[in-house]
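Q: Pasting a structure here, questions to come.
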Amino acid sequence: MALTDTFIKNAKHSGKPAGDKHSDGGGLYLHIKAQGKYWRMAYRIHGKQKTLYIGIYPALSLVQARKARDTAKAQLAQGIDPSTAKREAKQASTSAAQHTFEAVALAWLKATAHKRTPATAARIERRLQIDVFPEIGRLPIASIKPPTMRAMLDKVTARGVTDTAQRIGKACELVFAYAIGRGLVERDATVGMRATMPRAKIHHHPAITDPLALGALLRAMHAYNGHPCTVVALKLSPLLLVRPGELRRAQWSEIDLDSATWAIPADKMKMRNDHIVPLPAQAVAMLRELHSLTGHGPCVFSTSAKADRPMSESTVAQALRAMGYPSTVQTAHGFRATARTILDEVLGERVDLIEHQLAHTVKDANGRAYNRTAHLPARRTMMQRWADYLDRLRTGADIIQLHSKAA
């Protein structure tokens, strides 16, 4: 006979070591033991007798137990083992709870840390912490659908920061690609999403490209009175064509003053390739003088009491502002554009040499990227010519006006 709620509630354990079994039909039965009352189901599959554990009474009621039995019978009709299906569902649930978007994103950052600089990794994580994790961080990544991603990105776009939204979208794409590669999700919830977002405006770093104006800036830089590290970094900024972060994080172990060469390792470069900077005589002289001040530590430019820490990323920018050059006129990064323009249009240097020295990707006739030593003698000559030209600009001699190739 089918069980009733009253019978189940009042039924007691008889004292038998194996307990007492009360059938409800269809294989479902209540197993009463000294420890409690358990719902189980007896079934056969592939010629084997098996038992499905359903739940504990009263947490699982009679009605709920019967629904579980009916589900199991439907699985059996399809040749599915209910015990196996239940175990897999539990594993999937556990995996989903462990693999939230935040957990997977942080795992992705750690697994791919070798592909970016620590500063870049910190910047990406900060974006995720601010805009992404509060919205979808706690959700199992496998449960996230395109509408959820779209709502999150729309919130970022609505603030008017389309460039940030594009970067966040790219990061999310990479997180999903990482999750797919590890079998955590089957579909990428970001597919095609960035293509429908507003395009970010391209922001060029303000840069002085007129030789006369550049000469005035160079004179102001040489008259600047500040910390010796700041003064040298300021003077080297237009001289070496490197990015501000590469300059401020320079270490003495990378620099060979005798051979006038600075070898920057790949992990410090934006393009993740080793890079060689030929040092003109003017740079070598400045660095030799600075070595007496900071040569006892690893960092070339260390303005703090801790010799193992480089100067702040805003040091050169603050010096420029103190000299009367706001970020709308000239930035530290803008010196690369200054050199790129004048080396090409005034000094007539080969564009491929300039691009090599800017650490941009340059390919040969076969489509292969040149290595770090490509055209080194020619680049060394170009860098010395550039340094000499800057000296002439600073002293007001031999001013060559800018002539556009297009003109």
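The values are calculated or read from the model by the stated rules, or taken from the named source; none is laboratory data. Quantities reported herein were computed from a predicted structural model and do not represent experimental measurements. We place every Cβ from the backbone using ideal geometry, glycine too, and count neighbours over all the protein chains shown.
Q: Among the residues of segment 220-263, what is the count of those that are part of a helix (DSSP H, G or I) and of a type in the set (Asp, Glu)?
A: 2
Q: Could you look through segment 244-270, keep only residues that are surrounded by fewer than 19 Cβ atoms within 10 Å (Cβ to Cβ) and out of contact with any strand residue (DSSP E or B) (no Cβ under 9 Å at 6 or more places or on another chain), and pick out the one that is modelled with the lowest pLDDT?
A: Lys270
Q: Sticking with this one: Just a yes or no: is a residue in segment 190-209 exposed (fewer than 14 other Cβ atoms within 10 Å of the Cβ) and among the hydroxyl-bearing types (Ser, Thr, Tyr)?
A: Within segment 190-209, one or more residues are exposed (fewer than 14 other Cβ atoms within 10 Å of the Cβ) and among the hydroxyl-bearing types (Ser, Thr, Tyr).
Q: Show the residue pairs meeting these rules: Cβ distance below 6 Å; 6+ apart or different chains; first residue within segment 257-283 and in the same structural domain as Lys235 (by TED's automatic domain parsing); second residue among the aromatic types (Phe, Trp, Tyr).
A: Qualifying pairs under 6 Å: Val277/Trp262; Leu279/Trp262.
Q: In addition: Identify the single condition in (1) under 22 Å from Asp267 (Cβ atoms); (2) at pLDDT below 90; (3) surrounded by 14 or more Cβ atoms within 10 Å (Cβ to Cβ) that Val156 does not satisfy, given that it satisfies every other one.
A: Result: Val156 fails condition (1) only.
Q: Arg66 is checked against (1) charged (D, E, K, R); (2) over 17 Å from Lys86 (Cβ atoms); (3) outside any strand (DSSP E or B); (4) touching a residue at least 24 places away in the same chain (Cβ under 8 Å) and fails just one. What number does that condition carry?
A: (2)
Q: Between residues in segment 71-92 that are surrounded by fewer than 17 Cβ atoms within 10 Å (Cβ to Cβ) and residues that are assigned to a helix (DSSP H, G or I), which pairs lie under 6 Å by C-beta distance while being six or more apart or on different chains?
A: Matching pairs, first to second residue: Ala85/Gln75.
Q: List the residue pairs whose Cβ atoms are under 7 Å apart, where the first residue sits in segment 98-124 and is over 15 Å from Ile168 (Cα atoms), the second is among the charged types (D, E, K, R), and the two are 6 or more positions apart or on different chains.
A: Thr100/Arg138; Lys115/Arg272; Thr117/Asp267; Thr117/Lys268
Q: Among helices (runs of 4 or more DSSP H) lying entirely in segment 112-219, which contain 1 or more residues that are closer than 30 Å to Leu234 by Cα and within 18 Å of the chain's Cα centre (by Cα)?
A: Counting at least 1 such residues, we get 118-127, 162-181.
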